Structure formats: structure tokens, C-alpha cells
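Reading through the C-alpha cells given below for one structure.
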Amino acid sequence: MRFTLSTLGCKVNQCESAHISLGLSSLGWTEAEKGSRAEVHLVNTCAVTSRAAYQSRQLLRRGVKAGGRAVALGCYAQLEPDALMEIPGVVAVLGSVEKLDIAELLPGILKGEEVLLVSGLEGATTLRGLDVARFPNRTRGFLKVQDGCDAFCTYCLVPHARGGPRSLRLDEARAGFERLVAAGHPEVVLTGIHLGFWGRDLGPEFDLARLLKELLETPGHYRIRLSSLEPTEVTDGLLSIMARDERLCPHLHIPLQSGSKEVLMRMGRWYSPDLYRNTVLEAAARIPRLGLGADVMAGFPGEGEGEFEETLGLIEKLPLSYLHVFPYSPRPGTEALSIQARVPEGTIKSRAKALRALGDKKRALFAKAHKGAGATVLVETKTKEGLGKGFAQNYLPVLVEKAEPGDL
């Protein structure tokens, strides 16, 4: 039997799709190329923006058009199961928890049973480890150690789609990490919906620095990279490990969202621009050649020209190496939708364009500052000219001669 699997959204979704794919393969299923005919077309959905929700629906319809049955999985399925079930050809909708059992449910689906399994997430208090020992066709391995969030930022649906914070037990995290290293992944990315919350719900309570200490006891030739961390979660303990152990990549992605105190308050963010500035400057001072990325949002409701200029001014002064820019996306069910002072669409686009231009400038300055410096590069792909293409420890993109994917 053949299946296709399309994945939208974050690295956590990628981890979960790897679990699903390997589980199906172990039962004799074959993964087909997307767009080709298969018995089942699986879409691991995302709902963080209206565009991601649209793309999820589009992929489901595309799967039906290619022949076979379509199944919606994950975050968007958790939030709007009935709407997805109404799409002609969609025969099953599985929520954020149930999607991990798709391999066991598929026989019933193939018999023509319509399956709608979306449970409430209030009872989700423990994190189920993923059965992923390797990531086929990927140089990096991803280890999901955390899920869920209870921050309830006013623009975000993630707590509703994922439930509250849950951490993978320390022994399970270490076992999963060791499997990925043993499988030959030269880099392992630690990921979670709210990675910096790892360990707070465990007994006894741990923190991310403790997890890193445990993982770095693993023998082997590897490096560890962290996914996104909130500014209040960049601790002294974490920076100390990063400063002394080169296996922990000197790279932090710290969401900013806005450089305006007033906008941050309307967003429900729990830090000030001053705290963000101090966090970034301390990290840069303590970690040589540190790569620093940030998320920033353009056009949040009520954002005036002066508040946008505050964002530009703060970013300009900080040693950031790249930006991920997101135009504000109104999402039903969020508090931000009730804020009346909406920013015109044209203004949002122009502000996003200005932020991307600033991000390009920051990226170029970061690359120029490291010209001639030595670096260890993980080669991920090859260019048409035959050069290896990959990333240095600090996430600087690099071209390498005479190198193959997987070389470190």
C-alpha cells in the first residue's frame, strides 16, 4: 500500500511526521512522491497563520484529486475538525494527540470507515516519546523534547491546538538523543513548541541547562543546536554551557515580535524591549561568533508608525544576524481579533518589506564580519556547480569545495 505525507509548519510537526512515516513503513507501507497516486494522502496540518490553514486545505484537495483518500492530521485538524471533514474526499480527521496512532487506524479507514478523533487537550499532561531513530534523507536529526504552551499570546492559537506544556522525561530524552547520534546524524536539533519550558512540569523540576549537560555526556562526533527560545529562557546556565562546549552550537533564535513596549503588552508578551536588548547583548558578549536570529511581526493591530519605528530602531542597534518576518495574520478565536485599530493591508506589506530589507542587511553584515574565519560546516546539499552547501556552527550559510552531504 502506498501513502503520501505532506507536512506544514514547525520542526515539531516534522518530528511527528517522521514518527508517522517510519511507523507506516514498519507495517509494510511505501511512501510515494507527493502528487502521485496512493491509497492514502496524509496532511500534517498547521494553523498558526491563515495562509498555513489555506495551504492545509489545498493539500488535502490536491491529495483527493490525485486519487485515494485524504486524511487531515494535527493542529488545524484539532481546531476545525468538522470543517475539514466536510471537504469531499477527506475520510478521517485526527487531532494533535491521535495523529500519532494513524498507522493503527489506517486499516479501518481503508475499509471505508469515516474517522473523526479529536480529543480535548485538558487531560494531556504527559509527553509521549516519538519512535524515531533516524531521519531518512536528512543530515540533521530532530529530537522533540517538549510540547504545548500556556502563554496565550493574544495573536496565537497554539495553546488551543497543542494543549499545555509537557516535557519528555530526562531518561527518554537521552535515549532518543543517543539513537540519533548512533544513526549517524552529525547534528541533532532540540525542538519543542515552547522549548525553554522543558523540565518545569517534571518531578523533580529540571531546566534546559540540565538536559544539555546530560546529553553532552553522550560519546560521539556530533553537535547540538537549539530551536527557538524566549528571551526570559536564555539563562546563565545555558550561556555557560554554550561558552565552554563547542558541541553546543553558538546559535540562538530569540523571538522579538515587536520593539515597542505598548505593542508587546497588547500581544500578551511577558518581557520588555529593554529586557530583550539586555538578553541579546549579554549573550553576544559571552559567546564568540554567536549567531542570533529573531522573529518579528509587522502590522499587529494598533501598531502605529512610531511603534513600528521603535522596532526598526531596536533591531538596527542589536547584533542580530537574521530575521524571520511575519505579517500579522488574524486568527478566529484569538484576543487580537477584537482589537479595533486594524493596520491597513498595504501598510502591513510595506512594513514587512522594510523589516526584510533590514534582515538582509543584518545577514550581510554578519557574513562580512566572519569572512576569513574558520568554521566547522555541516554539508546538507550540493549546488549545481558541485559545491557543498551547509551551515556553520553559528548558522552562517557556507559553500564548501570537495564535500558531500553529511560531511561535518
**Request:** Hey, could you check the stretch 111-127 for residues that are in contact with a strand residue (DSSP E or B) (Cβ under 9 Å, 6 or more places away or on another chain) and surrounded by 15 or more Cβ atoms within 10 Å (Cβ to Cβ) and say which is nearest to ASP407 (Cα to Cα)?
**Result:** LEU127
**Message:** Taking the criterion of being assigned to a helix (DSSP H, G or I), within 17 Å of the chain's Cα centre (by Cα) and surrounded by 17 or more Cβ atoms within 10 Å (Cβ to Cβ), would at least one residue in the stretch 172-184 satisfy it?
**Reply:** no
**Prompt:** Based on what the data block shows, is VAL263 in contact with a Gly (Cβ under 9 Å, 6 or more places away or on another chain) and surrounded by 22 or more Cβ atoms within 10 Å (Cβ to Cβ)?
**Reply:** yes
**Message:** Return the residues of the stretch 191-246 that are touching a Phe, Trp or Tyr at 6+ places or on another chain (Cβ under 7 Å) and either part of a loop (DSSP other than H, G, I, E, B) or surrounded by fewer than 22 Cβ atoms within 10 Å (Cβ to Cβ) (or both); say none if nothing qualifies.
**Reply:** GLY199, THR218, THR232
**Complete:** For the stretch 105-140, the count of residues that are more than 26 Å from PRO186 (Cα to Cα), free of Cβ contacts under 8 Å to residues at least 24 places away in the same chain and of a type outside the set (Lys, Arg) equals 7
**Complete:** Among (1) within 19 Å of GLN78 (Cβ to Cβ); (2) touching a residue at least 12 places away in the same chain (Cβ under 8 Å); (3) open to solvent by 10 Å² or more (accessible area, probe 1.4 Å); (4) not hydroxyl-bearing (Ser, Thr, Tyr), ASN44 falls short only on (3)
**Asked** Which one is farthest from GLY259 (Cα to Cα), of the residues in the stretch 376-391 that are of a type outside the set (Asp, Glu) and touching a residue at least 40 places away in the same chain (Cβ under 8 Å)?
**Response** VAL379
**Prompt:** In this structure, does ARG342 turn out to be among the charged types (D, E, K, R), buried (at least 18 other Cβ atoms within 10 Å of the Cβ), out of contact with any strand residue (DSSP E or B) (no Cβ under 9 Å at 6 or more places or on another chain) and at pLDDT below 95?
**Reply:** no
**Prompt:** Can we say ALA133 is closer than 22 Å to GLY74 by Cα, within 20 Å of the chain's Cα centre (by Cα), small (Gly, Ala, Ser) and open to solvent by 40 Å² or more (accessible area, probe 1.4 Å)?
**Reply:** yes
**Request:** Would you please list the contacts, defined by Cβ atoms under 7 Å and residues six or more apart or on different chains, that run from a residue in the stretch 299-320 that is aromatic (Phe, Trp, Tyr) to a residue that is surrounded by 19 or more Cβ atoms within 10 Å (Cβ to Cβ) and not in a helix (DSSP H, G or I)?
**Result:** PHE300/TYR155; PHE300/SER258; PHE300/TYR328
**Complete:** Residues in the stretch 366-375 that are over 20 Å from HIS221 (Cα atoms) and touching a residue at least 12 places away in the same chain (Cβ under 8 Å) total 4
**Prompt:** Name the strands (runs of 3 or more DSSP E) wholly within the stretch 313-408 that hold at least 1 residues that are among the acidic types (Asp, Glu)?
**Reply:** 377-382
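The values are calculated or read from the model by the stated rules, or taken from the named source; none is laboratory data. Note that this is a predicted model, so its numbers are computed, not measured. So basically every Cβ, Gly included, is an ideal-geometry build from the backbone, and we count neighbours across all protein chains shown. Heavy atoms of the whole protein, side chains included, go into the accessibility calculation; ligands, DNA and RNA do not. Shrake-Rupley method; radii C 1.70, N 1.55, O 1.52, S 1.80 Å.
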